[in-house]
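Report on the structure given below.
The values are calculated or read from the model by the stated rules, or taken from the named source; none is laboratory data. Values in this document were obtained by computation on a predicted structure and should not be read as measured data. Cβ sites come from the backbone with ideal geometry, for glycine too, and all protein chains shown count toward neighbours. Calculation scope for accessible area: heavy atoms of the full protein, side chains included, ligands and nucleic acids excluded. Shrake-Rupley method; radii C 1.70, N 1.55, O 1.52, S 1.80 Å.
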Amino acid sequence: MNSTWLKVVAAAVFEVVWVIGLKHADSWGEWLVTVFAIGISFYVMIMAGRKLPVGTVYAVFVGLGTAGTVLSDILIFGEPVKMEKLVLVAVLLAGVIGLKLVTEDAPVEGGKA
């Protein structure tokens with residue numbers, strides 16, 4: 001995995017943070033973290049979109065963010081575990097992995113990818 005794909009993953013991690021913040025933030029500090037996470041997630045996603053197809057970057061970003069949010073709800077906040085939900089998250093992640101596998105990185109100056 002190259003650094004551009006790592007940016008997409010990092011953006012998705014920050015997406016999970018801000019989505020959780022939108023639901024659970026109760027103090028100025030928590031709202032500040034939420035706003036910071038929104039800015040970082042979109043900035044890093046935009047930077048990744050400069051080297052990879054924007055549609056793929058966005059789909060992977062949203063897919064990983066959605067899966068991370070669902071799993072966070074289960075693991076951190078005690079959301080009931082439903083087999084259907086886990087199967088659908090697995091299908092979503094399979095699609096994300098498939099998009100990553102079929103997407104070619106943009107060539108870098110000098111001819112190396």
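Among the residues of region 45-65, some residue qualifies, meaning at least one is in contact with an Asp or Glu (Cβ under 7 Å, 6 or more places away or on another chain), open to solvent by less than 60 Å² (accessible area, probe 1.4 Å) and not in a helix (DSSP H, G or I).
Screening Lys112 on (1) part of a helix (DSSP H, G or I); (2) at pLDDT below 95; (3) not hydroxyl-bearing (Ser, Thr, Tyr) shows it passes everything except condition (1). Restricting region 1-32 to residues that are part of a loop (DSSP other than H, G, I, E, B) and open to solvent by less than 60 Å² (accessible area, probe 1.4 Å), the residue that is nearest to Val70 (Cα to Cα) is Ala25. Taking first residues from region 1-29 that are touching a residue at least 24 places away in the same chain (Cβ under 8 Å) and over 19 Å from Gly49 (Cβ atoms) and partners that are among the charged types (D, E, K, R) and open to solvent by less than 20 Å² (accessible area, probe 1.4 Å), no Cβ contact under 9 Å between residues at least 6 apart in sequence or on separate chains turns up.
Might you let me know whether region 76-89 holds any residue that is among the hydrophobic types (A, V, I, L, M, F, W, C), touching a helix residue (DSSP H, G or I) at 6+ places or on another chain (Cβ under 7 Å) and either at negative phi or in contact (Cβ under 8 Å) with a residue 24 or more places away in the chain (or both)? Explain how you work it out, then say what you get.
If we filter region 76-89 for residues that are among the hydrophobic types (A, V, I, L, M, F, W, C), which is where we start, we get 76-77, 81, 83, 86-89.
Right, trim to touching a helix residue (DSSP H, G or I) at 6+ places or on another chain (Cβ under 7 Å) and you get 81, 89.
Subsequent filtering for residues that are either at negative phi or in contact (Cβ under 8 Å) with a residue 24 or more places away in the chain (or both) retains 81, 89.
Yes - at least one qualifying residue is present in region 76-89.
Okay, residues lined up against (1) modelled with pLDDT of 95 or more; (2) not basic (Lys, Arg):
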{"residue": "Ala10", "(1), (2)": "yes, yes"}
{"residue": "Val17", "(1), (2)": "yes, yes"}
{"residue": "Lys23", "(1), (2)": "no, no"}
{"residue": "Leu32", "(1), (2)": "yes, yes"}
{"residue": "Ile38", "(1), (2)": "yes, yes"}
{"residue": "Tyr43", "(1), (2)": "yes, yes"}
{"residue": "Arg50", "(1), (2)": "no, no"}
{"residue": "Val54", "(1), (2)": "no, yes"}
